[in-house]
Amino acid sequence: WSADVPTTETGIMDLELRAGDEIARASVRIERPSSNRILYFQGALDWSYRFLADILKRDPTFVLTPVFNFPNPNAALPSGALRRMPEIPKELDGFDIVVLANAAASQFTNAQQMALSTWVRNGGVVVFFTPDDDSTQGFSGS
């Protein structure tokens with residue numbers, strides 16, 4: 001048997017279950033997730049961003065910042081979106097995870113690839129959503 005116990009507080013929560021004359025007690029530690037700021041680069045237009053954004057909207061601790069590779073550079077961006085990938089590691093410090101979805105190395109400048117490499121070497125996390133192994137080969141050695 002399980003039950004959800006909603007809370008907005010972190011720390012120790014004491015729980016007590018009464019069933020007739022029986023009492024069971026437990027203490028549970030409630031913590032916030034440490035990684036919740038995601039930079040999402042959409043290399044090719046598909047539905048992956050929309051699906052992920054819809055899922056993450058269920059938990060307000062997640063902040064999803066998109067970067068779209070629109071064919072038209074003058075296209076209107078959604079609210080909160082970045083026009084380009086960061087080119088210096090310090091610009092990535094505001095994120096816990098970078099997701100590269102359907103991205104090809106040719107979509108990034110040398111400065112952007114170096115910024116990602118340095119950021120990862122300093123503890124950042126990059127996740128690839130890729131349709132095949134060939135699309136990630138250009139990132140090798142960067």
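The values are calculated or read from the model by the stated rules, or taken from the named source; none is laboratory data. Only a predicted model underlies this, so the values are computations on that prediction, with no experimental measurement involved. Backbone-built Cβ (ideal geometry, glycine too); neighbour counts: all protein chains shown. Ligands, DNA and RNA are excluded from the accessible area calculation, which covers all protein heavy atoms including side chains. Shrake-Rupley method; radii C 1.70, N 1.55, O 1.52, S 1.80 Å.
Beta bridges from DSSP with both residues in the chain: antiparallel share about 35 percent, rounded to the nearest 5.
How large is the direction-averaged shadow of the alpha-carbon convex hull of segment 23-142, in nm²?
On the way: hull surface 40.7 nm².
Over all viewing directions, segment 23-142 projects a mean Cα-hull area of 10.2 nm².
Our Cα-only numbers for segment 41-105 put the radius of gyration and Dmax at 12.2, 32 Å.
In whole percent, and with a 1.4 Å probe on the protein chains, what portion of the accessible area of segment 12-134 is carbon and sulfur? For segment 12-134, the apolar C and S fraction of the accessible surface comes to 53 percent. Could you tell me how many degrees, from 0 to 90 and to the nearest 10, lie between the Cα long axis of helix 110-121 and the main elongation axis, the longest principal axis, of the Cα atoms of the chain? Approximately 30 degrees, to the nearest ten.
Once the Cα-Cα distance is subtracted from the 0.36 nm per residue extended length, the E91 to A44 segment shows a gain of 14.6 nm.
Quote the FRET efficiency, to the nearest 0.05, computed for N122 versus S27 with a Förster distance R0 of 41 Å and r equal to the Cβ-Cβ distance. Please list the in-between numbers first.
On the way: r = 36 Å, r/R0 = 0.89.
For N122 and S27, the calculated efficiency is 0.65.
Kindly provide the Kirkwood hydrodynamic radius of segment 4-48 in Å, to one decimal, from all pairs of distinct alpha carbon atoms. 14.7 Å is the Kirkwood radius here. With the charge dipole of segment 14-142 set up from +1 on Lys and Arg Cβ and -1 on Asp and Glu Cβ about the Cα centre, the Cα lying farthest toward the positive end among the listed residues T136, A105, L52 is that of A105.
With +1 on the Cβ of every Lys and Arg and -1 on the Cβ of every Asp and Glu, and nothing else charged, how large is the dipole of the chain about its Cα centre, in debye rounded to the nearest 20?
On the way: 12 positive and 17 negative charges, 101 e Å.
I would put it at about 480 debye.
So for the chain, averaging the separation of alpha carbon pairs under 8 Å that are six or more residues apart and normalising by length, what relative contact order in percent results?
Values: 198 pairs, mean separation 29.8, N = 142.
With pairs under 8 Å counted, the relative contact order is 21 percent.
Exposed loop sites here are GluC sites (Glu not before Pro) assigned a DSSP state other than H, G, I, E or B and surrounded by at most 12 other beta carbons within 10 Å; excluding them, the longest clear run of the chain is 32-142.
Whole number in Å², please: accessible area per residue of the chain, 1.4 Å probe, ligands, DNA and RNA not counted. Don't jump to the answer; show the numbers that get you there.
Working: 9750 Å² over 142 residues.
Averaged over the residues of the chain, the accessible area is 69 Å².
The helix-based estimate of mean residue ellipticity at 222 nm for the chain, built from -39,500 (n - 2.57) per DSSP H run of four or more residues and divided by its residue count, is -5000 deg cm²/dmol to the nearest 500.
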